[in-house]
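**Student:** Quick one: this structure, given as structure tokens, is what I'll be asking you about.
The values are calculated or read from the model by the stated rules, or taken from the named source; none is laboratory data. Quantities reported herein were computed from a predicted structural model and do not represent experimental measurements. All Cβ positions, glycine included, derive from the backbone under ideal geometry; neighbour counts span all protein chains shown.
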Amino acid sequence: MGQGIAVADLARNSGVPAVDITALERGARTPTRSEVDALARALGLKAEALGGIALDGWTPAPTRSSVSGVETVPGNIGGYAVKGYVLFDSGEAVLIDTGYNPTAMLEVLNRRRLRLTGICLTHGHADHADGVDRILAHWPVPVYLGDADHRLLSWQPRSELMRAPEDGMTIRVGELRVRCMVTPGHTPGGICYKVEHSTDDLCFVGDTLFAGSIGRANPFSLYPVHLESVRRRVLTLPERTVLFPGHGPDTTVREELAHNPFAG
């Protein structure tokens with residue numbers, strides 16, 4: 001889809017029959033090694049990494065970070081799991097996305113007696129941004145979101161609360177500094193948030209990157225831009241950097257360089 005290749009063209013380029021490609025897309029059966037290799041070549045993906053996921057069941061090694069100030073908040077939208085995060089230090093906190101679960105976000109703030117200072121949205125899709133209105137009713141704090149994603153919000157915060165992060169700008173959370181990384185691709189205004197800490201490297205990547213995959217480019221024409229964001233921004237961070245995505249398990253830059261088919 002990102003490359004604008006029809007199934008018939010992919011079949012011709014890869015030698016895998018269209019009916020088999022359709023079956024694989026639907027998860028109707030496991031591919032063969034030769035199919036993985038042929039499709040990876042035709043799509044410009046890393047065949048070994050794709051095979052590791054499709055055939056060998058690769059999952060990222062469990063991550064451990066010494067930063068105690070990250071709490072994951074699970075959410076659910078129509079049966080589809082999503083994650084938001086509370087990042088806190090010295091009694092202050094920012095939310096990284098809403099996790100489609102504002103009630104749980106507010107509960108974490110209350111339970112830990114934290115003062116909310118900002119809401120950092122990786123992008124404007126409902127599963128990551130809906131519920132902002134309920135949080136702002138309790139905490140009227142700045143909302144950070146790329147300008148190009150404002151139109152994606154189902155509810156618009158007051159204009160004076162909106163902040164458009166510039167690439168490289170920092171947001172303070174206690175003694176932590178959160179550096180904004182402009183990463184368009186999944187959406188036009190995508191942002192990743194890297195935590196700068198003396199002993200840790202963390203980055204909240206939303207749907208820019210998943211363990212072993214990436215989010216779908218919206219619109220599809222952003223696919224090349226998305227790959228640039230993944231390969232030139234996220235995967236050039238220090239290899240020990242822990243990556244917190246909007247869906248699926250945490251991972252690291254080291255794991256993704258070795259096992260993500262889109263890593264280039």
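**Student:** So which of Gly146, Gly185, Gly212 ends up being in the same structural domain as Pro245 (by TED's automatic domain parsing), small (Gly, Ala, Ser) and either farther than 23 Å from Thr241 by Cα or out of contact with any helix residue (DSSP H, G or I) (no Cβ under 6 Å at 6 or more places or on another chain) (or both)?
**Tutor:** Selected residue: Gly146, the only one of Gly146, Gly185, Gly212 that is in the same structural domain as Pro245 (by TED's automatic domain parsing), small (Gly, Ala, Ser) and either farther than 23 Å from Thr241 by Cα or out of contact with any helix residue (DSSP H, G or I) (no Cβ under 6 Å at 6 or more places or on another chain) (or both).
**Student:** Gly44 - would you say it is under 18 Å from Ala263 (Cα atoms) and either modelled with pLDDT of 95 or more or assigned by TED's automatic domain parsing to the domain that holds Arg240 (or both)?
**Tutor:** Yes; evaluated as a whole, the condition is true for this residue.
**Student:** Still on this structure: What about Leu10, is it within 28 Å of Pro224 (Cβ to Cβ) and either in contact with a His (Cβ under 7 Å, 6 or more places away or on another chain) or in contact (Cβ under 8 Å) with a residue 60 or more places away in the chain (or both)?
**Tutor:** Considered against the rule, which asks whether it is within 28 Å of Pro224 (Cβ to Cβ) and either in contact with a His (Cβ under 7 Å, 6 or more places away or on another chain) or in contact (Cβ under 8 Å) with a residue 60 or more places away in the chain (or both), Leu10 comes out as no.
**Student:** Can you tell me which residue within the range 195-209, out of those that are surrounded by 21 or more Cβ atoms within 10 Å (Cβ to Cβ) and free of Cβ contacts under 8 Å to residues at least 60 places away in the same chain, is nearest to the chain's Cα centre (by Cα)?
**Tutor:** Leu209
**Student:** Right, Gly79: assigned by TED's automatic domain parsing to the domain that holds Asp133, free of Cβ contacts under 8 Å to residues at least 24 places away in the same chain and loosely packed, with under 13 Cβ neighbours inside 10 Å or not?
**Tutor:** So Gly79 passes the test.
**Student:** Could you pull out the residue among Arg231, Arg240, Arg254 that is over 16 Å from Ile53 (Cβ atoms), among the basic types (Lys, Arg) and either modelled with pLDDT under 95 or outside the structural domain of Gly84 (by TED's automatic domain parsing) (or both)?
**Tutor:** Arg240
**Student:** While we're looking at this one, here's another question. Tell me which residues, restricted to the range 135-169, are part of a helix (DSSP H, G or I) and within 18 Å of Leu95 (Cα to Cα).
**Tutor:** Ile135, Leu136, Ala137, His138, Asp149, His150, Leu161
**Student:** Same structure, new question: Starting from the range 37-55, take each residue that is buried (at least 16 other Cβ atoms within 10 Å of the Cβ) and list its partners that are β-branched (Val, Ile, Thr) and part of a helix (DSSP H, G or I), counting only C-beta distances under 8 angstrom and pairs at least six apart or across chains.
**Tutor:** Leu39/Ile21; Ala47/Val36; Leu50/Val36; Gly51/Val36; Ala54/Val36
**Student:** Filtering the range 133-182 down to residues that are out of contact with any strand residue (DSSP E or B) (no Cβ under 7 Å at 6 or more places or on another chain) and hydroxyl-bearing (Ser, Thr, Tyr), which residue is surrounded by the most Cβ atoms within 10 Å (Cβ to Cβ)?
**Tutor:** Looking at residues that are out of contact with any strand residue (DSSP E or B) (no Cβ under 7 Å at 6 or more places or on another chain) and hydroxyl-bearing (Ser, Thr, Tyr), I get Ser154.
**Student:** Do we find a residue being more than 21 Å from the chain's Cα centre (by Cα), closer than 21 Å to Lys83 by Cβ and part of a helix (DSSP H, G or I) anywhere in the range 124-134?
**Tutor:** yes
**Student:** Give the residue that is nearest to the chain's Cα centre (by Cα), with candidates limited to residues of the range 14-35 that are outside any loop (DSSP other than H, G, I, E, B) and within 20 Å of Phe220 (Cα to Cα).
**Tutor:** Filtering the range 14-35 for residues that are outside any loop (DSSP other than H, G, I, E, B) and within 20 Å of Phe220 (Cα to Cα), the one nearest to the chain's Cα centre (by Cα) comes out as Glu25.
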